[in-house]
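For reference, the structure I am asking about is given below.
What follows draws every value from the coordinates through simple rules; no lab data is involved. Since the model is a prediction, treat every value here as computed from it, not as a measurement. Heads up, the Cβs are rebuilt from the backbone with ideal geometry, glycines too, and the neighbour counts pull from every protein chain shown.
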Amino acid sequence: MEGIEIAMLGVALAVGLAGSGSAIGIGIVGQSACGLISEDPDKFGQTLLLQALPGTQGIYGLLAGFLIMQDIGIVGEELVELTTWQGYAYLMAALPIAIAGLSSGIYQGRVLASSINLIAKRPEEMGKGIVYAVMVETYAVFALLATILMLFGIAV
Amino acid sequence: MPIIDMKKVYILGHRQERTRVFNLLHKMGTVELLDVKSGEGWKEFQDLLEPEQLPDNISQIDSKRSDIRFCLDFFQRHFPIRKSMIEQFTGSRLDLTDEQFNSYIEALEQVEEIYKACREAEEDLVRIRNEETQSHNLIEDLQPWVPLDLPLEEVEEGSWTMMDLFIVPVEQYSALLEDLPETISEYCLDEVFSDEENVYFFFSALAEKKQAIDELFRGKAVSRASFPDVTGTPSDIIDSLNKKLEELAQERSAVLKEVEKLLVHRPMLMACYDYMDNEHAKHQAMANLAGTDNSFLLEGWAPVPIMDDLETTISENTETAVLTSREPEPDEDVPVLLHNKGPAEPYEVVTKLYSTPKRNELDPTPFMAPFFFLYFGICLSDAGYGILLGLLAFYLYRKLTLGESGRQLLKLLMLGGISAFAFGILLGGYFGDLIELPPLLFNPLEEPMTMLIAALAIGLFQVYFGMGLQAYRNIKGGKPLDALYDQGFWFIFLNGLILLVTGINPAGQWMAVVGGAGLVLTQGRSQSSVILKFFSGLLSLYNVTQYLSDVLSYSRLFALGLASVVIGMVVNSVGELAAGSIIGYVVLVIILIGGHFFNMIISTLSSYVHTSRLQYLEFFNKFFEGGGRSFQPLRVKNNYVDIVESEEN
Amino acid sequence: MLIDDTIYGYAVARVKAMETQLLDQSQFERMINSSTTEEAVKVLSETGYSASVAELDDVYNFETILADELSYVFNTVYKISPVPELIGMLALRYDIHNLKVLFKSKFLGVKSDLLIPVGSLDIAKLEYAVGEDNYLLLPEKLRRAANSINEDFMINLDPQIIDLILDRVLYEQLIDAAREYDAPFLEGLFVRQIDLNNLKTLIRVKRMGLSRDFLARVLLPNGTLSVDRLTSMFEEPLESLISMLAISDYAELVSEGVREGLEKGSASTLEKLSDDFITSYLKEGKWVPFGVEPLVGYLWAKEIEIKNIRIVLVGKINRLPAESIRERIRDVYI
């Protein structure tokens, strides 16, 4: 394979896997939210906020993908010539956010489903439910950080 | 002093004035009442004091309150007030001026009438619903018999013949048909209808064979379908039932129309409910009194700054009541009221989400506030979003009537907007890269390592600051050695390590050795034996990983700051793809507005929560315990209405 | 996380929201303190029961409200549960209850209790089956049980047979079903119910002076306390039961229940403690985010709530003092 293709595989993994993590996470929270809303429609706003939280992994994935695309010239000017090894470097750089985005999205969704159960009983404690979920997100942030640092390290 | 000092207050007065005193306290909302009976100091007077019984009229209040509640619930069921998106967070209340509120309360006698009307309407609705279900059930039961063109009253036993309608499970039907001729010779079986489960049939035979037939039918689980109270053919009956259903529906809408007329009283009922609820709370609180035949005594906590005010209010408005106060004893359970002034005040909401400080602890709010302000700005770091967020929060702040924490949150967001605006200029973010201005400081996209190191440096500073606060607490608490052992040695050790690893200064290794030795020697000091002391001291060095991960955690500032800007850039690039034609520019504008708004909301949310997290886990755990009890005075609490200043003033 | 347990998300969140409608201690306290039955019923009209209270023409007919509520709640949870079979399992208890009531009214001519329209079998079907002695429409195991009740009763004329035979069928089926669906939490529930049932049987048999053989015959299998162990306790006086079970889970329950029972000669304390015991077991699963536990817990909570309402209202109707109502009230789940 040419370098450019390998790098694009990296883009695909970052956006696709992290996005899947978000999709699954949001789906889990959504199910719980529907259960709550069917009894107590007034909590729609609160549940929507909670449901949005696992969306960040997908955004981080998109962000990493975008940075790579910009680097290799898919967005903007002309395609950059990449050696195979440079291509692999981009692929590797994409992996942290791809992997951690997938798992942290799912588990953040699970924590938030419990937070939905929490606000079903004590809506005033929503803040704490969010804090717990953010604990999970931390690792997606770190993965993104690793991805970004790796990307900046690649010289094309 | 951010934690307000409290004093124990006692109010003693003539029994006749106790309601007046309670009304005053309730209105002022500044005294937290205690249960006198359970108070330690009153043991020796136990014989003198009569424990106060719940006032008799409490059950009247209770029943009135539940009447109003019923009416409001009834209205809500049939004519619901839906909450808007914002109200779902802030709660929806009715704004009333003092005069309006009082005029509603004067109309309290009307409640009984409204209650009766609601009750009657409810009963009507229930009756209508019951009749509807009956009709529906009957229609359902009759449905299979529609093909039967025979008035049901004619299906009856004669003296010579028996005839009736029967239902048999499908799986028994063929067996029934087989066995029938063996039992009797002459009969008429007419299958009317069949579905997946049952076969419905008309059957008639000679009456004298009835017993044999019953026997046979029982063996095949055949049941009789009887419609005792109706006349006509099944399809006629269904028609008339449908007509009845229509009438019932009309009747319901007539009842509901009547109810709708009652809706004008809703605000009045809301005001009365809150009034009754407060009366109830007040009366319940009166049970905390102690008293004799002619006097009453009340005990509670009040914040020191309002003491004078409280004293004059009591003495001016009553004839007999006197107030005394004393300083709290060291071991008393004193409630905590936070009071920060100026820009630190809104950050109380962050502290309270974690925990209320203990009474003799430092309130972390003012120490945390500047960091929060800074981090929020770094995470959002876009001048455009900053302006937008600030204006949005300001608008909501002006428009909504909110509780204390809601107001604080919006103020915090306004400050956050300012901070984000500043960092946007410093780091060059204006709606992503929509407006390309050179950064005042540097561009983190071009100099990521500078940004990362800056984030970690700020983190290290905050961690040291937290340690410093704990050292201060230790020294102030009379334990200066603890400050040296637990914070001083760590400070030396960590700095030594940093110098060593970065190779800035070779003196680092000596600092590390001195600090490390100090830690090994002191960290096991609570252990009993020398060996244990040494090993737990040695083991404590492992905590260096804790500090390391604390500081590394601040790298999120860099990642989040970059994320909000880069996503803004993504929005811009996607928009650019559309630009070109006229329609393209329209699409471009839509993408820009929608995309940037979305990014602003999401980035604000993650800036808020991640910044909070840094305070809670990396900063607070160095010096703050929390677990205090927050001050809960007896005060007016409303569920449905807010009393606002009348518009003239 | 091999099996996707998040299918429970919807049902659990919904049940959590429904839990907020459960009556709490203070509402029961208000009912207990109210001066008349009407006033106590009025407290109910501020709660989830308000609609059905409005339909009530006579407070003495409150049982219909309770039966309606139970069947409504049961059907709702059944419908929202991603594995309805697990909830259906619990419905079996009501089929058995209904059969018991019908058999008793057939043999003894007394209507001991209301029929509860919750079970999986239609009440009309059951009435027909028992009334006409025609069990064709019942599932096989119940059919066999019904036949053996008929035979046994003809020989012994002992109505206790009804409870014993039906309980045995019930718990055999429950344990089998729980194992089949691999639901350890439910199995734990059933095992505890079996144990409690056996303990009560043991005490009752002793009190009635029946034989050890009889006891061995009526104890239910599958409990944590084996049938042998329980029968071996038969010869000992009731007081020593306390020490013999001192290291089991039931220590506290037995010591308090038996002591009160000996003093007052009534089993009501033991009944209350048994219910509280089950409640505390189910509370362990209360915060499971994805699983059947909160659903089962909620159904039980509702059952206890209904029992409590019944205790209060019956107490009010019979003008019992507040104190004696209060001590019968079961712990609430919330």
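Under 19 Å Cα-Cα from B:Lys358, which aspartates and glutamates qualify once same-chain neighbours fewer than 8 residues away are excluded?
In chain and number order, the partners are B:Asp5, B:Glu32, B:Glu327, B:Glu329, B:Asp331, B:Glu332, B:Asp333, B:Glu345, B:Glu348, B:Glu625.
Another one. Please list, in order along the range C:181-186, the HN-Hα scalar couplings obtained from phi with the Karplus expression 6.51 cos²θ - 1.76 cosθ + 1.60 (θ = phi - 60°), rounded to whole Hz, x for Gly and Pro.
Whole-Hz 3J(HN,Hα) from phi for the range C:181-186: 8, 6, 10, x, 5, 5.
Bin width 5 Å, alpha-carbon pairs only: give the P(r) of the range C:281-334 as whole percents, running from 0 to the bin holding the largest distance.
Computed distribution, short to long bins: 4, 20, 24, 15, 12, 10, 8, 5, 1.
Do me a favour and compute the ellipsoid semi-axes for the range C:239-334 from its Cα gyration tensor, root of five times each eigenvalue, largest one first, whole Å.
Equivalent ellipsoid of the range C:239-334: 25, 22, 7 Å, largest first.
Is the shape of the range C:182-288 rounded, prolate or oblate, going by the alpha carbon gyration tensor and its root eigenvalues a ≥ b ≥ c, with a/c under 1.5 for rounded and a/b larger than b/c for prolate?
Oblate, because a/c is 1.5 or more while a/b does not exceed b/c.
With the contact rule set at Cα under 8 Å and sequence spacing of 6 or more, what percent relative contact order holds for the range B:342-623?
Taking the mean separation of contacting Cα pairs over the length of the range B:342-623, I get 21 percent.
While we're here: As a test, work out the antiparallel percent of DSSP beta bridges whose residues both lie in the protein assembly as shown, rounded to the nearest 5.
The answer is about 85 percent antiparallel.
As a quick test, which of the pairs B:Lys399/B:Lys637; B:Lys261/B:Lys282; B:Lys7/C:Lys283; C:Lys125/C:Lys283 have an alpha carbon distance above 31 angstrom in this structure?
B:Lys261/B:Lys282; B:Lys7/C:Lys283; C:Lys125/C:Lys283, as the Cα separations exceed 31 Å there.
Right, something else. Once a ≥ b ≥ c are taken as the square roots of the eigenvalues of the Cα gyration tensor of the range C:84-180, is the result rounded (a/c under 1.5), prolate (a/b larger than b/c) or oblate (a/b not larger than b/c)?
It is prolate, given that a/c is not under 1.5 and a/b is the larger ratio.
Cross-link candidates for C:Lys264: which aspartates and glutamates have Cα within less than 17 Å, leaving aside residues fewer than 8 places away along the same chain?
Within reach: C:Glu239, C:Glu256, C:Glu323, C:Glu327.
Then there's this: Taking 1 over the mean of 1/r across every pair of different Cα atoms in the range B:358-503, what Kirkwood radius in Å do you get?
Hydrodynamic radius (Kirkwood, Cα pairs) of the range B:358-503 is 18.0 Å.
Something else about it: Apply the Kirkwood formula to the range B:342-623: the hydrodynamic radius equals the inverse of the mean of 1/r over all pairs of different alpha-carbon atoms; give it in Å with one decimal.
21.1 Å is the Kirkwood radius here.
Starting from a Cα-only point model with no solvent, please compute log10 I(q)/I(0) by Debye for the range B:150-232 at q = 0.12 1/Å.
So the normalised log intensities are -0.33.
Taking Cα centroids, how far is the range B:146-173 from the range C:5-20 in Å?
If you average the Cα positions of each part, the centres end up 48 Å apart.
Report, in deg cm²/dmol and to the nearest 500, the calculated mean residue ellipticity at 222 nm for the protein assembly as shown, where each DSSP H run with n ≥ 4 adds -39500 (n - 2.57) and the sum is divided by the residue count.
When only DSSP H runs of four or more count, the value is -21500 deg cm²/dmol.
For the range A:3-153, what is the relative contact order in percent, using Cα pairs closer than 8 Å and at least 6 residues apart in sequence?
Relative contact order here is 38 percent.
Below 8 Å between Cα atoms, with a sequence gap of 6+, how large is the relative contact order for chain B in percent?
That works out to 22 percent.
Roughly how many whole Å is it from the C-alpha centroid of the range A:3-34 to that of the range C:76-126?
Cα centroid to Cα centroid, the span is 48 Å.
Run the numbers for C:Asp182 and C:Ile334: contour at 0.36 nm per residue of separation, minus the present Cα-Cα distance, in nm.
In short, 52.0 nm is gained.
Mind checking the dipole of chain B: about its Cα centre, +1 per Lys or Arg Cβ, -1 per Asp or Glu Cβ, Debye to the nearest 20?
4820 debye
Beyond 32 Å between alpha-carbons counts as too far, so tell me which of A:Lys121/B:Lys341; C:Lys104/C:Lys316; C:Lys141/C:Lys302; A:Lys121/B:Lys8 fall in that bin.
Listed pairs above 32 Å: A:Lys121/B:Lys341; A:Lys121/B:Lys8.
What spacing in nm lies between the two simple spin-label points modelled at B:Lys341 and B:Glu157, each 7 Å away from Cα in the Cβ direction?
It is 9.8 nm.
Please report Rg (one decimal) and Dmax (integer) in Å for the Cα set of the range A:3-153.
17.9, 58
Identify all lysines with a Cα-Cα distance to B:Lys257 below 19 Å; exclude those on the same chain that are fewer than 8 residues away in sequence.
B:Lys116
Which FRET efficiency value, to the nearest 0.05, is calculated for B:Asp195 and C:Glu284 with the Förster distance at 45 angstrom and r the Cβ-Cβ distance?
About 0.45, to the nearest 0.05.
Where in the range B:492-528 does the label zone of B:Ile453 land, with the point 7 angstrom along Cα→C-beta and an amide N cut-off under 17 Å?
B:498-506
In the range B:177-252, which GluC sites (Glu not before Pro) are in a loop and have at most 10 other Cβ atoms within 10 Å, using DSSP for the loop call?
Passing sites in the range B:177-252 are B:Glu186, B:Glu196, B:Glu197.
Going from the alpha-carbon gyration tensor of the protein assembly as shown, what semi-axes, largest first and in whole Å, does one get by taking the root of 5 times each eigenvalue?
The equivalent ellipsoid of the protein assembly as shown has semi-axes of 62, 42, 36 Å.
Quantify how much of the Cα-Cα distance distribution of chain B extends past 34 Å, in percent.
The proportion of pairs with Cα distances above 34 Å equals 69 percent.
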